[in-house]
Structure formats: C-alpha cells, structure tokens
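One structure below.
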Amino acid sequence: MSSVVIYCRSGFESDAAAEINHHAALQAVAGYVKAKPNTGFVIFECFDPQQAELLVKKVDFKSLVFARQWFTGVLLNNMSVEDRVSEIKAVVGDFPLCGDLRVETPDTNEGKELSKFCKKFSTPLSKSLEKQNKLTREHKPTKPVLHVLFLANDTAYVGYSFSTNNSPFFMGIPRLRMPSDAPSRSTLKLDEAFNVFIGKTDVAGRVEPGMKAVDLGACPGGWTYQLVRRGMFVTAIDNGPMNEALMESGQVKHYTVDGFKYLPEKKNITWLVCDMIEKPLKVANLMLDWIVNGYAKELIFNLKLPMKKRFDTVYECLTLIHEELAEYDVDYRLQAKHLYHDREEVTVHIQVKKLGKK
C-alpha cells in the first residue's frame, strides 16, 4: 500500500499536508500529497509502496500537530453497494491480524450523512473479517487497528494503523459532554487537552486534588472550571469578572492583573494553563519564562494562529521552545495538537521533568 491517510479538521488540509511533507522529508520518504479544501483528510502517496508503513511506524504520531488520526491504506472506489464486504475482504489479505475495527468518515457535513450507514455496516463487516482471521473477536488494544474510511457509499480507504502510534479515539476525536454548569464552551478545550495529553492511566501524581494551579486569562472561568472539578486550588488571573459559582467553590482566588505581568510568590505550582488571545510567539516566550524560572511543573496553553501560514507559525513557536529549553538544559516532554474543540489555535502541553543548572 502506498497511501498514508490523515484525518484533520475541515479547512486545515493544507496544514496537515505541509506537516506530513515535512516529516516524510525527515525520513527520506519520497512522495506527494493529495488534498482538497474542506474535505477533512489528506493523502500522502509514497513513490515506494513499502514506505507508507514505514512512515506510520517511524514518525511519532504524537509529534503531528494537525493530524487527528492516520493509517496506511488503499483506495476502493466504485464498490458494488450490494456486496461492499467482499470487496473490502479482498484487499485485507496481506493485512496483519487486527484487534479493533473502526468504520469512519471524515468530520464534515458529507461525512455525517454517512455515519448512520457506517454504524450499521460495522457489524456484518466485523463478523466477516473475524471469519477471515483478520480481526479478533474481542477487542485487543495491543494489535493494529483496521480502518475503513468511507468517502461515499461506494468509496472508501481501507487500511490499518498501529495501536502504539495512533489516536485511541474513534475518528481521532474524544467524545466529551458540555457540563451544564460550566461558565463557557472553552471549558471543553482544556478537558480535551487533559484527555489527549495525560489520559486516564497517567494521572497519578500529576492531576490530583489539592494541587495548586494558575490560570492566565481566566475570565469567565471555562478553564478554571476544569481545574476546580479536578480538586485543584486555582489562582485566576484576569482583568475581567469570574463566574460567581466558581468563586463560591472556595477553590479560586481571583486577581485582576495582566497575565503577562503576574508572577507567583512561591514556586509551588503544579499546573499553569493559559488561553490568552495574543500573538503566539509572545505567549510562547511567556511560557518559557515560567518554565526556566521553575514556576510550574506542567503547562497547557493555546497558540492563536493567523489565517495564513498556520503550519509555519506553529513550527516557528515549537522550534523556539525546543531551542530555548535545550539552551537552559531543561529535561521536558512536549506535545502539541490541533484539538477537536480548538478553532484557529493549537494547544501545547509541556511536562517539565527536570530543570537545568543555569
């Protein structure tokens, strides 16, 4: 199979295309991108078919910012609508045994029209693949994931991804509910960030009640709400008003201070979060100040993107962060992702493991 199929947010196809081109070049994989605006996916075609699997193995999926999901696959078109199962079975003969099946669509209006069909189609397809010994009867999270991405009722990309190097979420999208008492919909951005960057198995010692947190640009409290619901004590920094219910929780102190000027009195903060509307490089430099001065152990912040050159802007900011933290000999882990609940922004998570001696 020569195709690498990448899911992205509709309207960000050019950014996902630029990103996979960048990573393919780093791996010395030659190919070209096929992308159409507002389709919610891009295709990277490798000149050497064997290198498609190499890409989805060697490139760390967590290093991809604009990709929600990916897999190596092949295009099936003009399938008989009377027997799509047989046509899919015919192309999976060389696939490894998979432990999960995801019949998906791009996240577009056209895709939503196919979603009901995909749910019905999953059952007969999975049973047939089990008989073919290409899909385990029980979900096996350590085995590859078999993907069928329907673009139309007779057209689909069929392939697989590796469970150690993909998104664990269906369509690459965590399913979250909007809390009825949250001050704003922006609360879902931080909730998704915790789910994607930390997950449920790695919270011990990192996301726990009693921890101290700072929210820069907190008003009206959408992000503070997520910290409070996790039992943290929050210093909310914003010149605007905070949600009254949050203030009544007893877990929030509000200071009407410019987020770019506030500095904590003590270095006892576990989490710094920031969703301020400002130029991305300015925010990146502020986050660097907090890190190298040892003010916070983990950070989640948004980089607001321009309308053009979004890929270039993100990678300029990430390069700056990597270079500065290397200069200060900081041991850290960084992830950045264009989350489902993000719009014209990218969310970055940095875990500071050890400060340098400088």
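The values are calculated or read from the model by the stated rules, or taken from the named source; none is laboratory data. Here the structure is a predicted model, which means the values were calculated and not measured. Cβ sites come from the backbone with ideal geometry, for glycine too, and all protein chains shown count toward neighbours. Side chains included, ligands, DNA and RNA excluded: accessible areas come from the protein's heavy atoms. Shrake-Rupley method; radii C 1.70, N 1.55, O 1.52, S 1.80 Å.
The set of residues in segment 76-118 that are among the aromatic types (F, W, Y) and within 22 Å of S2 (Cα to Cα) contains only F95. In summary, I350 fulfils each of the numbered conditions (1) loosely packed, with under 15 Cβ neighbours inside 10 Å; (2) assigned to a strand (DSSP E or B) with the single exception of condition (1). Taking first residues from segment 148-161 that are touching a residue at least 40 places away in the same chain (Cβ under 8 Å) and under 18 Å from P124 (Cβ atoms) and partners that are hydroxyl-bearing (S, T, Y) and open to solvent by 40 Å² or more (accessible area, probe 1.4 Å), the Cβ contacts under 8 Å between residues at least 6 apart in sequence or on separate chains come to D154/S80. In segment 305-334, the residues that are open to solvent by 70 Å² or more (accessible area, probe 1.4 Å) form Cβ pairs under 7 Å with partners that are not small (G, A, S), at six or more places apart or across chains, as follows: Y328/V292; Y328/K358; D329/K357; D329/K358; D331/K353; D331/K354; R333/Q351; R333/K353. Put simply, of D100, D15 the only residue that is within 21 Å of L146 (Cβ to Cβ), at pLDDT 95 or above and not small (G, A, S) is D100.
Taking segment 66-111 as the range and being in contact with a strand residue (DSSP E or B) (Cβ under 6 Å, 6 or more places away or on another chain) and in a loop (DSSP other than H, G, I, E, B) as the test, the residues that pass are A67, R68, N77, F95, T105, P106.
Residues that are of a type outside the set (K, R), surrounded by 13 or more Cβ atoms within 10 Å (Cβ to Cβ) and over 16 Å from A218 (Cβ atoms) within segment 265-286 comprise T270, P280, L281, A284, N285, listed in sequence order.
Assess whether M178 counts as being without any contact (Cβ under 8 Å) to a residue 12 or more places away in the chain and either surrounded by 14 or more Cβ atoms within 10 Å (Cβ to Cβ) or closer than 30 Å to Q226 by Cβ (or both). Spelling it out, M178 is indeed without any contact (Cβ under 8 Å) to a residue 12 or more places away in the chain and either surrounded by 14 or more Cβ atoms within 10 Å (Cβ to Cβ) or closer than 30 Å to Q226 by Cβ (or both). Per the conditions (1) among the small types (G, A, S); (2) at negative phi; (3) more than 17 Å from the chain's Cα centre (by Cα), the sole criterion not satisfied by A28 is (2). Just one of the listed residues (L286, L272) is out of contact with any Lys or Arg (no Cβ under 9 Å at 6 or more places or on another chain) and either closer than 30 Å to D329 by Cα or touching a residue at least 60 places away in the same chain (Cβ under 8 Å) (or both), and it is L286. A Cβ distance below 7 Å, combined with a sequence gap of six or more or placement on separate chains, defines the contacts here; from segment 335-355, residues that are within 14 Å of I300 (Cα to Cα) reach residues that are open to solvent by 60 Å² or more (accessible area, probe 1.4 Å) and in a strand (DSSP E or B) in the pairs Q351/R333; V352/K297. The residues of segment 33-65 that are out of contact with any Ser or Thr (no Cβ under 8 Å at 6 or more places or on another chain), open to solvent by less than 40 Å² (accessible area, probe 1.4 Å) and either among the acidic types (D, E) or not in a strand (DSSP E or B) (or both), listed by number, are V59, L64, V65.
Is it true that T72 is more than 18 Å from S2 (Cα to Cα) and modelled with pLDDT of 95 or more?
Spelling it out, it is not the case that T72 is more than 18 Å from S2 (Cα to Cα) and modelled with pLDDT of 95 or more.
Among the residues of segment 143-163, those identified as in contact with a Ser or Thr (Cβ under 9 Å, 6 or more places away or on another chain) and open to solvent by 50 Å² or more (accessible area, probe 1.4 Å) are K143, L151.
Scanning segment 127-142 for residues that are over 16 Å from V91 (Cβ atoms), in contact with a strand residue (DSSP E or B) (Cβ under 8 Å, 6 or more places away or on another chain) and open to solvent by less than 70 Å² (accessible area, probe 1.4 Å) yields one hit, T136. Of the residues making up segment 207-264, those that are open to solvent by 10 Å² or more (accessible area, probe 1.4 Å) and in a loop (DSSP other than H, G, I, E, B) number 28. Annotation: P124 fulfils all but one of (1) free of Cβ contacts under 8 Å to residues at least 24 places away in the same chain; (2) farther than 16 Å from L151 by Cβ; the unmet one is (1).
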